[in-house]
1. Pick from 100, 78: which is of a type in the set (Lys, Arg), crowded, with 16+ Cβ neighbours inside 10 Å, under 20 Å from residue 43 (Cβ atoms) and in contact with a Ser or Thr (Cβ under 8 Å, 6 or more places away or on another chain)?
2. Which residue, of 91, 112, is more than 12 Å from the chain's Cα centre (by Cα), closer than 24 Å to residue 138 by Cα and touching a residue at least 60 places away in the same chain (Cβ under 8 Å)?
3. Check 71, 135 and return the single one that is surrounded by fewer than 18 Cβ atoms within 10 Å (Cβ to Cβ) and outside any strand (DSSP E or B).
4. Limited to region 39-57, what total is found for residues that are over 17 Å from the mean Cα position of the chain (by Cα) and over 13 Å from residue 27 (Cα atoms)?
5. For region 74-101, enumerate the residues that are outside any strand (DSSP E or B), touching a Leu at 6+ places or on another chain (Cβ under 9 Å) and of a type in the set (A, V, I, L, M).
6. Looking at residue 43, is it exposed (fewer than 14 other Cβ atoms within 10 Å of the Cβ) and at positive phi?
7. Restricting region 48-68 to residues that are out of contact with any Lys or Arg (no Cβ under 6 Å at 6 or more places or on another chain) and part of a helix (DSSP H, G or I), which is farthest from residue 6 (Cα to Cα)?
8. Identify all residues within region 20-37 that are in contact (Cβ under 8 Å) with a residue 60 or more places away in the chain, among the β-branched types (Val, Ile, Thr) and in contact with a strand residue (DSSP E or B) (Cβ under 6 Å, 6 or more places away or on another chain); write none if there are none.
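All of the numbers you see were taken from the coordinates with simple rules; none came from a lab. Note that this is a predicted model, so its numbers are computed, not measured. Virtual Cβ from ideal backbone geometry, glycine too; neighbours counted across all protein chains shown.
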Amino acid sequence: MAILLPVPDDENMNRALEIFESVLKETGDGIHTLTINTAGLGGTATRQFNFAQQEKIGFIADVEMGELFCELLGVVVKGENPSGLVRRTWGITDHVCGWKFEEGKPVPLAKGEIFEAYCYNPETGELGGPATGVEFSEAPAIG
């Protein structure tokens with residue numbers, strides 16, 4: 001079944017790219033995954049963007065994956081649907097933070113809010129524990 005989403009305009013897409021660049025600047029060295037989701041008519045649309053960056057080496061990512069991610073971010077920035085963004089940095093301890101979008105603007109989630117959003121089981125409606133080695137933190141301001 002298809003998920004119907006609003007179509008972003010050029011202004012939404014430009015704003016999405018600004019937010020995307022802001023997230024990348026705030027992320028720092030490491031291996032990372034950005035996950036964005038938004039509710040649409042008929043379900044939830046989700047995209048991931050995996051990348052690595054290191055000051056000495058630079059930025060490594062799949063361009064096509066980045067384009068698909070930014071297309072959905074443009075829908076989110078339009079501000080018509082409940083949406084969220086999570087950043088996970090992989091390591092011995094994984095670090096997770098996130099943002100909700102209010103009227104298309106990213107709002108940092110506090111440590112407890114991202115824990116609840118990330119560990120919520122939509123099938124049972126209950127909170128579950130985090131996986132071993134996952135640390136939740138407050139998200140920085142972006143965009």
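1. 100 is the lone residue from the list that is of a type in the set (Lys, Arg), crowded, with 16+ Cβ neighbours inside 10 Å, under 20 Å from residue 43 (Cβ atoms) and in contact with a Ser or Thr (Cβ under 8 Å, 6 or more places away or on another chain).
2. From the options 91, 112, the qualifying one is 91.
3. After ruling out the rest, the residue left standing is 71.
4. Here the count works out to 5.
5. Residues satisfying the conditions are 75, 76.
6. So residue 43 fits the description; yes.
7. Step one: of region 48-68, the residues out of contact with any Lys or Arg (no Cβ under 6 Å at 6 or more places or on another chain) are 48-67.
After this cut, where a residue has to be part of a helix (DSSP H, G or I) as well, the list is 63-67.
Numbers: 63: 24, 64: 21, 65: 20, 66: 20, 67: 17 Å.
That would be 63.
8. Of everything in region 20-37, just one residue is in contact (Cβ under 8 Å) with a residue 60 or more places away in the chain, among the β-branched types (Val, Ile, Thr) and in contact with a strand residue (DSSP E or B) (Cβ under 6 Å, 6 or more places away or on another chain), namely 31.
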